[in-house]
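The values are calculated or read from the model by the stated rules, or taken from the named source; none is laboratory data. In this text the structure is predicted, and so the values were computed from the model without any measurement. A quick note on method: Cβ atoms are made from the backbone with ideal geometry, for glycine too, and the neighbour counts reach across all protein chains shown. The protein model used for the area step is the full one, side chains on, heavy atoms only, and it has no ligands, DNA or RNA in it. Shrake-Rupley method; radii C 1.70, N 1.55, O 1.52, S 1.80 Å.
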Amino acid sequence: MNRAWKGPLLRQAVALLLFAGLLAGLVGVAGSARLERADFVFNNTGEVQSLDPATVTGVPEGRILRGIYEGLCVKDPVTVRPLPGSAASWTKSPDGRVFVFDMRDEARWSNGDPVTAHDFEFSFRRFLLPETAAEYSYLLWKVVNAQAFCTGKDADGTEREVDWSEVGIKALDADTLRIELEDPVPYFLELMAFYPLFPVHRASLEAAQREFPDTWNVEWLKPERLVCNGPYVVEERRINDRIRLRKNPMYWDAKNVALDTIDALPIEHWGTSVNMYLTGEVDWLDGSIPPNLVPELLKRQDFIPKPYLGSYFYRVNVTKPPLDDKRIRKALSLVIPRRAIVENVTKAGQAPTWSVVPWKELDPENPPLEGEAAAEEARRLFAEAGYGPGGKPFPVIEVLYNTSETHRDVAEVIADAWQRELGVDMRLKNQEWKVYLDSQTNLEYEVCRAAWIGDWVDPGPLNFLSLFVTGGANNKTGWGNAEYDRLIAEIGLEQDPAKLEQLMLDAEAILLEEYPVLPIYSYVTQNLIKPRFGGLHGNMLNEHFPKFWYWMDDEELAEKLADLPPDLQEVPPGGPSGGKYAPVGRARQIGRN
Amino acid sequence: MLGFLLRRLGWFVITSWVVITVSFFLMRKVPGGPFSGERNLTPEIEANINAKYHLDWPTWKQYLHYLGPLNLDERGLFGDRSKPFGGVLTGDLGPSYKMRDFTVNDVIAQSLPISVMLGLVALMWALALGISAGLVSALRPRTGLDLTMRLAATAGIALPNFVIAAFLIILFVFLIPLFPVAGWGTLKHMLLPGFALGAPRAAYIARLTRTGMLEVLSQDYIRTAVAKGLPNRLVLMRHALKGGLLPVVSYLGPMTAWILTGSLVIEKIFRIPGTGSHFVNAALNRDYTLAMGVTILFTVLVYGMNTLVDLAYTFLDPRIKLEES
């Protein structure tokens, strides 16, 4: 090694250069990454899988896609019933099998192209193509021949090749889209506002395929190339940092879109999420709140939980003795201390439920057994099945849950009650999320924690009841009942709302007799949101369409807060981000605050 | 020197191959897959997805395909129009299964510079605090000052970085609002997470420096230097530091790799879009390609850093020859 290399002068020079480079780098990074705060910033809780509507599933994806695309319908921010979106109107045949959508003439893609019925036909075809591998593709399987087109098999399993021309989705002309179903789907219009069924822009997709034959799959979704038809377009996207949405001037209803920019931050850490809200860097958290903060937050004007179409329950593996005995399952369900769980563990206003259908109103004539009466009945059932004092010893029950403090706390409360009332010993077992899912699917458990969130509000109970058909992909209990399957199939065909209601009650009654699942509580939405923010309501699906969002002025805010207890009515000073408010009268126009 | 580097390269190839192979097969053995979720897929849809991502192939075939450069795929990974996936040997780490709008190369290219920047800030904190504390301790051994420094160092090692982060946030965000609570983009965003990440390392460095310096300071050549009348400052800078910092240098290699990639918790708390969170998320999501990608990245970093450290030894200590290492 040359001595000069080790000379102090050179070494100092090298050190100095390195240091200067470092500083320059720091300044460079700092400068390039800087973005002004958006008009509205929310925590999207995780990185989105993709901006391609056909292939995604998940809540964070939905929040973004509802901003940048528009389906045939959108949903009312309060009732979540379908409203006209890209389609201006539609007709439904009396038997509920044929929908004809009349496209909105003024609807435009972000590059100025009109949104046509052909776009939707192209997008639905792409959604069903096997190589798209859409996880949600089953949503359209009730369309004539769609299941065979998607999977090469009919519903009854016969193999059949189907050409697209035979599938019941046709653009009759640029303005008219006809969809024909094999059986009526009561929530079909709600599906048309569901993000997997949003349209994609054919010309830009195909242009990307020509330009980037190797990498189009990633390229066409880049912000600079993505053409959308929603109220917002994607301006910037950085992994694990943010998605910046900007108002789409070509959107047909752009004059009623209030915010210019929206930032979606994928904050995973709940503590950070709350910290950012408290320091004003984020305006809306949807969940992602540490449960121990909930009692504190409930005293504030910006945290008002609302009923949410979701249900927390325990699945029971009915193939494992002694759990194959429905008396045992019923006894276990009877002594679950539901009220103690919602009051002492979850604390955010969740409601105890005795049915897997959440927010079910209790029959005042015939309330569910609770407390000592329930325990006595449970002990009677146990004795009848041959267990309890003087009977066979009851084996230890293993309860499986995915690793999380809340799930553990709930399980401990239940374990305590089972031990106390029935002498049943319970062993808790936690598994990492994907392992837990695997165990559940393969019936490698005895009792396991589970939950389900509904996808449509009408008919809401069907979300939950349809899970438990024999062999259903999401049954996961080993339970099956022919009469139950028949009722569920009939619900699909029924057009009369009253009869449909009765069918659902009948099906639910079977579940309540057989207990393949032990219901625990109904969910609430946990939105921590600046009180001044309007157009975002805690609705049953907790689904929010950014086209309705705006900031209120002081007057409207005071009006809204008037419903709260007196100490929460103070109007916080100043608007957000330099006082950007909605166009005048907008709040009234959307109504219902 | 050249021989040394070539030998290192050879071992690098073998090490990487073992790491890739072992992690590939281990990962496929873990229950659950990239597409399992709360909603179970019907078998037909699952078949479509598995076919699209080749998860229906036997594991050995997936492995050969992943390794490349032989392309086993007649139709390309994404339908017939797409480029055949090149495999790791061509530098193509494949598409991410979970962040499907990005390739693994994209993910690493976006996140690594951020982690490097965070790591540099942490490194500066660690070295500046660690070496100065260590020096003070070594020069005034068994005094109150020494004791205080050592206590602080012990506390620094014992406290996990997320506890330090929580203290920093309470202190400098909520009580004295000097810094933003989280995020990335300006120098202000970097100082707190850099400190939280660097502090435990600083503590360790302080102890290494103290031990190293105490040993060197008792050597004959230092006594000689002092005896011939050199000022203390010169003795320290010219003679003692070189030898005294050797333990610190050998610790620098693994530490740098660790700081660049092991900052998961700090990245989450301060919402920094670096590489650290991909390590854990990729594994939790069973994002096979991304998990492989970051594992390979980590292997390269650790190996590269250790080689650099070995090279640095020869500069600092003429007694060490590369050929012997």
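Yes/no per residue for (1) away from chain A (no Cβ under 13 Å); (2) in contact with an Asp or Glu (Cβ under 6 Å, 6 or more places away or on another chain); (3) surrounded by 13 or more Cβ atoms within 10 Å (Cβ to Cβ); (4) β-branched (Val, Ile, Thr):
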| residue | (1), (2), (3), (4) |
| --- | --- |
| B:Val22 | yes, no, no, yes |
| B:Pro34 | no, yes, yes, no |
| B:Gly37 | no, no, yes, no |
| B:Glu46 | no, no, yes, no |
| B:Trp60 | yes, no, no, no |
| B:His65 | yes, no, yes, no |
The one condition A:Glu570 fails out of (1) in contact with a Gly (Cβ under 7 Å, 6 or more places away or on another chain); (2) open to solvent by 30 Å² or more (accessible area, probe 1.4 Å) is (1)
Looking only at region A:193-217, and only at residues there that are more than 14 Å from chain B (Cβ to nearest Cβ) and part of a helix (DSSP H, G or I), the one that is surrounded by the fewest Cβ atoms within 10 Å (Cβ to Cβ) = A:Ala203
Residues of region A:435-454 that turn out to be open to solvent by less than 20 Å² (accessible area, probe 1.4 Å), aliphatic (A, V, I, L, M) and within 11 Å of chain B (Cβ to nearest Cβ), as a count | 3
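Of these, A:Val413, A:Val457, which one is open to solvent by less than 50 Å² (accessible area, probe 1.4 Å), under 20 Å from A:Arg315 (Cβ atoms) and either in the same structural domain as A:Arg327 (by TED's automatic domain parsing) or aromatic (Phe, Trp, Tyr) (or both)? Reasoning before the result, please.
Working: A:Val457 fails: under 20 Å from A:Arg315 (Cβ atoms).
None of the others qualify; the one that does is A:Val413.
Would you mind stating whether A:Glu543 is among the charged types (D, E, K, R) and over 30 Å from A:Leu462 (Cα atoms)?
Details: among the charged types (D, E, K, R): yes; over 30 Å from A:Leu462 (Cα atoms): no.
No.
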Need at least 1 residues that are over 26 Å from A:Trp270 (Cβ atoms), touching a residue at least 12 places away in the same chain (Cβ under 8 Å) and aromatic (Phe, Trp, Tyr) per element, so show me which helices (runs of 4 or more DSSP H) inside region A:291-385 make the cut, counting only ones lying wholly within it.
-> A:371-384
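Open to solvent by 10 Å² or more (accessible area, probe 1.4 Å), closer than 30 Å to B:Pro31 by Cα and touching an Asp or Glu at 6+ places or on another chain (Cβ under 9 Å): is that true of B:Lys268 in this structure?
Working: open to solvent by 10 Å² or more (accessible area, probe 1.4 Å): yes; closer than 30 Å to B:Pro31 by Cα: yes; touching an Asp or Glu at 6+ places or on another chain (Cβ under 9 Å): yes.
Yes.
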Taking region A:169-192 as the region of interest, how many residues are within 16 Å of A:Thr91 (Cα to Cα) and part of a loop (DSSP other than H, G, I, E, B)?
-> 6
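For every residue, the table says whether it meets (1) over 17 Å from A:Met192 (Cα atoms); (2) over 27 Å from the mean Cα position of the chain (by Cα); (3) in contact (Cβ under 8 Å) with a residue 60 or more places away in the chain; (4) not assigned by TED's automatic domain parsing to the domain that holds A:Asn275.
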position: A:Phe42; (1), (2), (3), (4): yes, no, yes, no
position: A:Gly46; (1), (2), (3), (4): yes, no, yes, no
position: A:Ile64; (1), (2), (3), (4): no, no, yes, yes
position: A:Cys73; (1), (2), (3), (4): no, no, yes, yes
position: A:Gly85; (1), (2), (3), (4): no, no, yes, yes
position: A:Ser93; (1), (2), (3), (4): no, yes, no, yes
position: A:Asp102; (1), (2), (3), (4): no, yes, yes, yes
position: A:Glu106; (1), (2), (3), (4): yes, yes, yes, yes
position: A:Asp113; (1), (2), (3), (4): yes, yes, yes, yes
Considering only residues of region A:38-73 that are aliphatic (A, V, I, L, M) and farther than 16 Å from A:Leu245 by Cβ, which is most open to solvent (accessible area, probe 1.4 Å)?
-> A:Val59
Scanning region B:186-227 for residues that are within 14 Å of chain A (Cβ to nearest Cβ) and either touching a residue at least 40 places away in the same chain (Cβ under 8 Å) or buried (at least 18 other Cβ atoms within 10 Å of the Cβ) (or both) gives B:His189, B:Met190, B:Leu191, B:Leu192, B:Pro193, B:Gly194, B:Ala196
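Look through B:Ile164, B:Ile114, B:Ile157, B:Ile170 and report the one residue that is under 30 Å from A:Thr55 (Cβ atoms) and not in a loop (DSSP other than H, G, I, E, B).
Working: B:Ile164 fails: under 30 Å from A:Thr55 (Cβ atoms); B:Ile157 fails: under 30 Å from A:Thr55 (Cβ atoms); B:Ile170 fails: under 30 Å from A:Thr55 (Cβ atoms).
Sole residue among the options that is under 30 Å from A:Thr55 (Cβ atoms) and not in a loop (DSSP other than H, G, I, E, B): B:Ile114.
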Please verify whether region B:305-315 includes one or more residues that are closer than 30 Å to A:Tyr436 by Cβ and modelled with pLDDT of 80 or more.
-> no
Counting just the residues of region A:34-43 that are within 12 Å of chain B (Cβ to nearest Cβ) and either part of a loop (DSSP other than H, G, I, E, B) or of a type in the set (Phe, Trp, Tyr) (or both), which one comes out nearest to A:Asn527 (Cα to Cα)?
-> A:Arg37
For residues that are farther than 15 Å from B:Ala133 by Cβ and either among the small types (Gly, Ala, Ser) or not assigned by TED's automatic domain parsing to the domain that holds B:Val116 (or both), tally how many sit in region B:149-186.
-> 6
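Check A:Pro321, A:Pro291 and return the single one that is open to solvent by 10 Å² or more (accessible area, probe 1.4 Å), in the same structural domain as A:Glu513 (by TED's automatic domain parsing) and at pLDDT below 90.
Working: A:Pro291 fails: in the same structural domain as A:Glu513 (by TED's automatic domain parsing).
Sole residue among the options that is open to solvent by 10 Å² or more (accessible area, probe 1.4 Å), in the same structural domain as A:Glu513 (by TED's automatic domain parsing) and at pLDDT below 90: A:Pro321.
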Qualifying positions in region B:86-108 - within 10 Å of chain A (Cβ to nearest Cβ) and open to solvent by 30 Å² or more (accessible area, probe 1.4 Å) = B:Lys98, B:Arg100, B:Thr103, B:Asp106
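Could you list all residues from region A:130-153 that are open to solvent by less than 40 Å² (accessible area, probe 1.4 Å) and more than 10 Å from every other protein chain (Cβ to nearest Cβ)? Quick ask: steps written out before the conclusion?
Taking region A:130-153 as the starting set, the residues that turn out to be open to solvent by less than 40 Å² (accessible area, probe 1.4 Å) are A:132-137, A:139-141, A:143-152.
Correct list: A:Leu139, A:Leu140, A:Val143, A:Val144, A:Asn145, A:Ala146, A:Ala148, A:Phe149.
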Exactly one of (1) over 22 Å from B:Met99 (Cβ atoms); (2) in the same structural domain as A:Leu541 (by TED's automatic domain parsing) is unmet by A:Trp216. Its number?
-> (1)
Mind checking whether some residue in region A:460-483 is closer than 15 Å to A:Val185 by Cβ, at pLDDT 90 or above and either in a loop (DSSP other than H, G, I, E, B) or within 14 Å of chain B (Cβ to nearest Cβ) (or both)?
-> yes
Inside region A:523-561, the number of residues satisfying the requirement of being closer than 17 Å to A:Leu309 by Cβ and touching a Gly at 6+ places or on another chain (Cβ under 6 Å) is 5
For region B:271-296, which residues satisfy the criterion of being open to solvent by less than 30 Å² (accessible area, probe 1.4 Å) and assigned to a loop (DSSP other than H, G, I, E, B)?
-> B:Arg271, B:Ile272, B:Pro273, B:Gly274, B:Thr275, B:Arg286, B:Asp287
Kindly provide the set of residues from region A:262-277 that are in a strand (DSSP E or B) and either of a type in the set (A, V, I, L, M) or open to solvent by 10 Å² or more (accessible area, probe 1.4 Å) (or both), ordered by number.
-> A:Ile262, A:Ala264, A:Leu265
Residue among A:Ile68, A:Ile64 that is over 23 Å from B:Pro95 (Cα atoms), within 14 Å of chain B (Cβ to nearest Cβ) and at pLDDT 95 or above = A:Ile68
